[in-house]
Each structure stands twice: as structure tokens, then as C-alpha cells.
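Read-outs throughout are calculated quantities, based only on the coordinates presented, and are distinct from any laboratory measurement. Note that the structure is a prediction, hence the values are computed from the model and not measured. All Cβ positions, glycine included, derive from the backbone under ideal geometry; neighbour counts span all protein chains shown.
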Amino acid sequence: MSYSFDEEDSDIEDGREVDLEMLREDLVGELQAINQYQEHIDILEDEDAISVLEHIRDDEKEHVAELTKLIQRLDPVQAEKFTKKTL
């Protein structure tokens, strides 16, 4: 079976949209994790537990940065929104 260029381009676009959807879901999960760790940090009294959760929270922040960069690379429109200056 042969494909036209239009079909191939469409398949690539469909695949990219699925990838972006999954990556955005991952990003949401990371942000939720950060919020949950911060809530626990604010409540905990044990300094060792707080220190461990702060470290984990900061790792999650790194994941947010990595996912954001990846999404920007795969979605030029999204990338433009990140670089657009606000008033």
C-alpha cells in the first residue's frame, strides 16, 4: 500500500497531537505532585521528612521544566505563547 504525502503528513500530525496530549497530561501530573508535596511540607513537623519532601518537590519542578521545553519543541504555537511578551 502506498501513501500520498498528504496522508503521511496527516499521520505525523496525528501522532504528534497524541504525543502532545500525553505530555500535557504528564505536565499536569507533575504540577499536582508539586502542590501535594508543598501542602505536606507546610503541615509536617519532622525536619527530616520536610527535607526529603522538599528535595522530591524540587525534582518535580525540574520535570516540569523538562516537559515544558519538550512541549515547546513539538508545538511551535505553544512555543510562541511562551515567548510572547505581555504588557
Could you compute the FRET efficiency for D26 and E80, with r as their C-beta to C-beta distance and R0 at 22 Å, rounded to 0.05?
-> 0.55
Mind listing which GluC sites (Glu not before Pro) in region 15-87 are in a DSSP loop and have 13 or fewer other Cβ atoms within 10 Å?
-> E45
Only residues of region 50-80 count here: report those whose backbone N is under 16 Å from the spot 7 Å along Cα→Cβ of H40, or say none.
-> 50-61
Could you list D42, D19 in order of exposure, starting from the residue whose Cβ has the fewest other Cβ atoms within 10 Å?
-> D42, D19
